[in-house]
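So that we are looking at the same thing, I have put the structure below in structure tokens.
The values are calculated or read from the model by the stated rules, or taken from the named source; none is laboratory data. Predicted, not measured: the structure shown is a model, and the values here were computed from it. Just so you know, the surface numbers come from the protein's heavy atoms only, side chains and all, with ligands and any DNA or RNA stripped out. Shrake-Rupley method; radii C 1.70, N 1.55, O 1.52, S 1.80 Å.
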Amino acid sequence: MKKYNEQELKVLNQQLKGITPAEIVQWVISNAEKPVVTTNFRPYEAAILHVCSKIDPSVKVIWCDTGYNTPQTYKHAKEVIDTLQLNVKLYTPKQTAAYRDALFGGIPDVNSSLHDDFTKQVKLEPFQRAMKQQQPDVWFTNLRKGQTSFRNSIDILSYSKDGMLKVSPFYHWSDEKLDAYLEEHGLPNEFKYFDPTKVLANRECGLHA
């Protein structure tokens, strides 16, 4: 995928704002060599998974499972994977939950000095391992404006800290628009979701920021 400078990125983001997520994904995939989609099956993830897999059924879907998802999220993940016949590449932490319970005494408080190590073990290391193995040139995400202060600073197209092109086709969409999208396409949603590295919805886990 071509590397865009800051001005080119700005112009493209203005242009892409006026077209549909499907058109954005189609344009990116037609110019990408090894695109991937990342997911944790949080609320509204079915939208990005649907639009990407509809355009490229073989697109790799990277799921970094922390091991701390709710039962509802695991059931939701299975339903979405089966419904969309996703090409999932599952990555899990190298350490077991029992090991972390012994070492950290459970999930460390976000203000604890142990929380950074916990986050690295359950989320950052599996993600970095996934990216190293899959070697993508484009990373599709479901980041949206209004989720966190960092996410308000990016756009449909942005670059990760490692220089990879990140594409967020639903960046400017509201929950209401996504509700309508899911209903239109008969897709499920699940709100009983928990991220042990964030706890609060407006915090970043370190994957993006």
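Beyond 18 Å, what percent of the Cα pairs of region 1-103 remain?
58
Sorted by accessible area (1.4 Å probe), largest first, how do Cys64, Cys52 line up? Provide the component values of the computation, followed by the final result.
Working: Cys64 25, Cys52 0 Å².
Descending order: Cys64, Cys52.
Quick one: angle between helix 175-184 and the longest Cα principal axis of the chain, in degrees between 0 and 90, rounded to 10, please.
On a 0 to 90 degree scale, this one is about 80.
Taking a 1.4 Å probe, which of Trp63, Trp27 shows the most accessible area, and what order do the others take after it? Could you put the intermediate results ahead of the total?
Values: Trp63 25, Trp27 75 Å².
Largest accessible area first, the residues go Trp27, Trp63.
Sticking with this structure for a sec: Any of Lys3/Lys166; Lys3/Lys161; Lys17/Lys166; Lys54/Lys94; Lys2/Lys145 with alpha carbons more than 21 Å apart? Name them for me. Working shown, then result.
Values: Lys3/Lys166 12 Å; Lys3/Lys161 14 Å; Lys17/Lys166 15 Å; Lys54/Lys94 32 Å; Lys2/Lys145 25 Å.
Exceeds cut-off: Lys54/Lys94; Lys2/Lys145.
Report, in degrees rounded to the nearest 10, the 0 to 90 angle that the Cα long axis of helix 125-134 makes with the longest principal axis of the chain.
Roughly 40 degrees, rounded to the nearest 10.
Just by accessible area at a 1.4 angstrom probe, what is the order of Asp175, Asp195, Asp155 from largest to smallest? Present the calculation step by step, with values, prior to reporting the outcome.
On the way: Asp175 65, Asp195 15, Asp155 40 Å².
If we order Asp175, Asp195, Asp155 from most to least accessible, we get Asp175, Asp155, Asp195.
Solvent-accessible area of Thr20, probe 1.4 Å, all protein chains present, reported in Å² to the nearest ten, please.
For Thr20, solvent-accessible area is about 60 Å².
With every protein chain left in place and a probe of 1.4 Å, what is the accessible surface of Leu124, to the nearest 10 Å²?
40
Sticking with this one: Per the 1.4 Å probe, what fraction of the accessible area of region 1-143, in percent, lies on carbon and sulfur atoms?
Working: 3620 of 7250 Å².
Carbon and sulfur together cover 50 percent of it.
Using a 1.4 Å probe, how large is the accessible area of Glu23, given in Å² and rounded to the nearest 10?
90
Next question. Roughly how tilted is helix 6-16, in degrees to the nearest 10 and between 0 and 90, from the longest Cα axis of the chain?
The angle comes out near 70 degrees.
Under 5 Å between amide hydrogens, which residues at least 5 positions from Asn87 or on another chain qualify, with H placed 1.01 Å from N in the peptide plane?
Distant-sequence amide H within range of Asn87: Val61.
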